[in-house]
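The values are calculated or read from the model by the stated rules, or taken from the named source; none is laboratory data. These numbers come from a predicted model, not from an experiment. We place every Cβ from the backbone using ideal geometry, glycine too, and count neighbours over all the protein chains shown. All accessible areas refer to the heavy atoms of the entire protein, side chains included, with ligands and DNA or RNA removed. Shrake-Rupley method; radii C 1.70, N 1.55, O 1.52, S 1.80 Å.
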Amino acid sequence: MGESNNGSKSSSWCLQGMTALVTGGSKGIGYAIVEELAQLGATVHTCSRNEADLNKSLKEWTTKGYRITGSVCDVASRVEREELIARVSSQFNGKLNILVNNVGTNIQKHTLDFTAEDFAFLMNTNLESCFHLSQLAHPLLKASESASIIFISSIAGVVAINLVSVIYSATKGAMNQMTKNLACEWAKDNIRTNCIAPGPIRTPLLEKFLKEGKIVNAYIPRTPLGRFGEGEEVSSMVAFLCLPAASYITGQTICVDGGFTVNGLHIS
């Protein structure tokens, strides 16, 4: 048990020969995921809206000797999503082993202040983009004969947290459910689908909130491990779920949150 099809146990713990697409990989959690997959042997393509950030990251990865390429893409655009998958299909000869839907954003407003445009923007960027990319990538994933989709959700899709907007939380909750349904529907195509729900992770976005102090005072006391997470602590779970060693895991939403969702939180 635990051995891959070729009988080598060590190959169950590497991604050598596999291909991956990670959206939003130029910084934060996405950056850590790209690097983790590459370290385990995968050939990775990533994308970012910001060309300068992307080029900076690609230069760093080239220096480290990783097989990583990138392109500019705003996943909120349907046309650009289609162009991205076409590019990946061409680069990887019509096959893809791993799709990590990492891109997500938030608009911090009270519920009564949200406009129709705000709602549409968050739904499109956070939810429709990963649904559509999964649709587009399906033929490539199926062709690889052993594939994984990973959604990057949030603990805000698991428990109520009024530090983030209700619309953001709704997109993440829907993503968690989509994980379950796709896992069942696409199992016949040898595509596993799982979801990671991080708690607050030290990223450039989190640093903005940390300056206010409110999130520190509210979150840390309710977290059994008593600290924020690091990007590498999310990327390691993503990588594990993509490994042959995790071949019997599908349809799961795993919280990487230091135990926070065990306790819950509400800030008055």
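Annotations for the structure displayed:
- Surrounding net charge for residue 135, when Lys and Arg each add one and Asp and Glu each subtract one, Cβ distance under 14 Å: -1
- For residue 25, nonlocal amide neighbours, meaning residues 5 or more places apart or on other chains whose placed amide H falls under 5 Å from its own, are 47.
- Three semi-axes describe the equivalent ellipsoid of the range 4-138; taken as square roots of 5 times the Cα gyration tensor eigenvalues and ordered largest first, they are 29, 17, 15 Å.
- For the range 1-148, with +1 on Lys and Arg beta carbons and -1 on Asp and Glu, the positive-most of 38, 23, 48 along the dipole: 38
- Average Cα contact separation per residue, the range 19-259, under 8 Å, 6 or more apart, as relative contact order %: 20 percent
- In order along the range 115-131, the Karplus-derived 3J(HN,Hα) couplings, from 6.51 cos²θ - 1.76 cosθ + 1.60 at θ = phi - 60°, round to 9, 4, 5, 4, 4, 5, 5, 5, 4, 5, 5, 8, 10, 4, 4, 6, 5 Hz, and Gly and Pro are given as x.
- Angle of helix 166-185 to the longest C-alpha principal axis of the chain, folded into 0 to 90 degrees and rounded to 10: 30°.
- Protection proxy ranking for 45-54, 87-96, using the average of other Cβ atoms within 10 Å per residue and placing the highest first: 45-54, 87-96.
- Value of D in µm² per second that Stokes-Einstein yields for the chain, Kirkwood Rh from Cα pairs, at 20 °C (1.002 mPa s): 114 µm²/s
- Whole-number D in µm² s⁻¹ for the range 173-255, Kirkwood Cα-pair radius fed into Stokes-Einstein, 10 °C, 1.306 mPa s: 109 µm²/s
- Interchain or long-range residues, amide H under 5 Å from residue 257's placed H: 199
- Accessible area (Å², per residue) of the chain, counting only protein heavy atoms and a probe of 1.4 Å: 48 Å²
- Computed helical MRE - 222 nm, the chain, DSSP H runs ≥ 4 contributing -39500 (n - 2.57), nearest 500: -12500 deg cm²/dmol
- Within the chain, percent of DSSP bridges classed antiparallel, to nearest 5: 0 percent
- Dipole magnitude of the range 1-158 about its Cα centre (Cβ charges: Lys, Arg +1; Asp, Glu -1), debye to nearest 20: 440 debye
- Note on the range 86-193: Cα-only Rg and Dmax are 15.5, 48 Å.
- Counting only Cα atoms, the size of the range 84-131 along its three principal axes is 48, 15, 12 Å, in decreasing order.
- Of 56/95; 142/180; 27/172; 109/180; 109/172, pairs whose Cα-Cα distance is over 22 Å: 56/95; 109/180
- Highest average packing first - 239-246, 137-144, Cβ atoms within 10 Å: 239-246, 137-144
- Among the protein heavy atoms of the chain, carbon and sulfur supply 54% of the accessible surface, probe 1.4 Å, non-protein parts ignored.
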